[in-house]
Amino acid sequence: MRDTTKSEASFKAASKVIPGGVNSPVRAFRAVGGVPRFFTHGEGAKIYDADGNSYIDYMMSWGPLILGHAHPKVVEAVHAAASRGTSFGAPTEDEITLAEMVKDRFPAAEMVRLVNSGTEAAMTAVRLARAAAGRDIIVKFDGCYHGHSDAVLVKAGSGVATGGIAGSEGVPQATADMTISLPYNDSSALEDLFAQRGGEIAGVIVEPAAANMGVIPPKAGFLESIREITSRYGAVLIFDEVITGFRIARGGACELYGIEPDLICLGKIIGGGLPIGAVCGGKDIMELLAPTGGVYQAGTLSGNPISVAAGIATLRELNEPGVYEKLRRNTEILARGLKENFDLTGVPATVNAMTGLLTVFFTGEAVTDYASALKCDMNRFARFHAAMLKEGIYLPPSGFEAWFTSTAHGQAEIEATLQIQKKGLGYRA
Ligand SMILES: *Cc1c(COP(=O)(O)O)cnc(C)c1O
């Protein structure tokens, strides 16, 4: 048994001054039990806790760290930027560089507004959609997460699913009534809704490949149908690529599936591990933002020079030849290996994987939407999580989350993970 004395003491102390001891709910380990580990440092694919235990990390800060922890190029960029000044509240040239890099990867992103989180990006995208369409209703999909602003906190995936609540207290009913949530991967539900209420719908926001109810790729034709229906009814299509952007392909789902949304939300990787978000889209809709237009949006720390420097350094590294091929291959090897090992031990499991992310669902059936994700055996996940953690594999502490791989997860890390999976008994019972 690994020593967790220091993490336990810190969690007790934290719980006195921080609600639940954590600054984001899923970190509290409520879904899996046990003590949340307090971390001191990370390097590549590894993280180290306060008691001196090391782990191969498959959470990777929930997605930003596609190059691994403390990548030398990113650390160097952060040091250099910090030494020049941490914030100006005025423009810097690096913001142009980052916006141009986004545009290069996402042709639909003619213009880019940097914000401080994925939440802010989605919140601003929703406001822009409403202004552009002159309508109020927003359509989302069950199990998709778009941050924690009121408009999108309806059937919002992992965090709330783990807590066992449909949405959030404190969201006015009148606001929740402006959001309609439909089953993911169900084009005909969307078609039916638009047939009834198309004239009221401002926009549709979707994770083009879902990753917040576990990884669920879009069915063939699903994204095409959303694009076609929104265009036909004059509604704005928002791709929330906060996870998928720069991960499932260099140009995210837009590139992988060949679809141009009206607005794109970015976050996570674009800040290289520092706080950031971005809302992007065509010039016409983006210029509705203040100061060129009447949609207000602002931020004291927006375009923060340290976040921007880390983002630029990360995107540059991702331009190296073969990066995505390697990430895809390694993720595939891991996903296939996990599935084979479960099959050998008779554990019913479905592994959904894309480039750089995967989820193990403890069910024998295909997982294609939120309803099928909810059917998984979460008690088994909790036992599996505990067994892996004890042996030094750090999985996200909820069965509704994606596991993230990085360019630092090589053959050695993957083989070690599969060996430990074979050895681990806790999840079998
Ligand atoms: C993480 C995430 C967000 C929210 O981003 P934060 O930076 O945590 O506010 C929004 N949308 C998706 C798809 C995400 O995965």
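Readers should treat all values here as calculations from the given coordinates under stated rules, not as data from a laboratory. In this text, all values refer to a predicted model and were calculated from it rather than measured experimentally. Here the Cβ is made from the backbone with ideal geometry for all residues, glycine too, and neighbour counts use every protein chain on show.
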Completion exercise
When the chain is treated as a Gaussian network with springs between alpha carbons less than 10 Å apart, the largest mean-square fluctuation among Glu93, Glu255, Glu401 is found at Glu93
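I want the antiparallel fraction of DSSP beta bridges within the chain, as a percent rounded to 5.
Working: 26 of 43 bridges.
Roughly 60 percent of the beta bridges in the chain run antiparallel, per DSSP.
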Handout entry: Net charge, Ala131 excluded, C-beta distance under 13 Å - Lys, Arg +1, Asp, Glu -1
Key = -1
Fill in the blank from the handout: Karplus ³J(HN,Hα) for segment 314-320 (6.51 cos²θ - 1.76 cosθ + 1.60, θ = phi - 60°; Hz, whole; x = Gly/Pro) runs 5, 5, 4, 4, 5, 7, 4
Completion exercise
extent check for the chain: Cα max minus min per principal axis, descending, whole Å, gives 59, 53, 47
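In what sequence, highest mean first, do 406-418, 290-302 appear when ranked by Cβ atoms within 10 angstrom? All intermediate terms of the calculation are to be shown ahead of the outcome.
Values: 406-418: 18.4, 290-302: 13.2.
Listed from highest to lowest mean packing, they are 406-418, 290-302.
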Handout entry: the chain: most fluctuating residue of Val154, Val17, Val78 per GNM, C-alpha cutoff 10 Å
Key = Val17
Exercise for the section: Could you pull out every residue, at least 5 positions away or on a different chain, whose amide H is within less than 5 Å of the one on Ser181? Hs are placed 1.01 Å off N in the peptide plane, and Pro or chain starts have none. Expected result: Lys140
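Are there trypsin sites (Lys or Arg not before Pro) in segment 357-429 that DSSP marks as loop and that have at most 16 other Cβ atoms within 10 Å, and which are they? Write out the running numbers ahead of the final one.
Working: sites: Lys375, Arg380, Arg383, Lys390, Lys422, Lys423, Arg428; in loops: Lys375, Arg428.
Answer by residue number: Lys375, Arg428.
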Fill in the blank from the handout: segment 84-114 and segment 345-405 have their Cα centres apart by a whole-number Å value of 36 Å
Exercise for the section: Would you work out which of Asn352, Leu334, Gly364 lies farthest towards the positive end of the dipole of segment 327-379? Charges go on Cβ: Lys and Arg +1, Asp and Glu -1. Expected result: Leu334
Problem - Spatially proximal lysines relative to Lys283 (Cα-Cα < 16 Å; intrachain offsets below 8 disregarded) - result: Lys103
Handout entry: Partner lysines for Lys6 [C-alpha distance under 17 Å; skip if fewer than 8 residues away on the same chain]
Key = Lys16, Lys390
Completion exercise
Given 279-287, 170-178, the highest-first ranking by average Cβ count within 10 Å works out to 279-287, 170-178
Problem - Residue with peak Gaussian network fluctuation, the chain [Cα springs, cutoff 10 Å], from Gly303, Gly322, Gly214 - result: Gly322
Handout entry: Length gained when the stretch Thr292-Ala189 is fully extended (0.36 nm per residue, less Cα-Cα span)
Key = 33.4 nm
Problem - Karplus 3J(HN,Hα) series, Hz, for segment 216-231 with 6.51 cos²θ - 1.76 cosθ + 1.60 (x for Gly, Pro) - result: 9, x, x, 5, 4, x, 5, 5, 4, 5, 4, 4, 5, 5, 5, 5
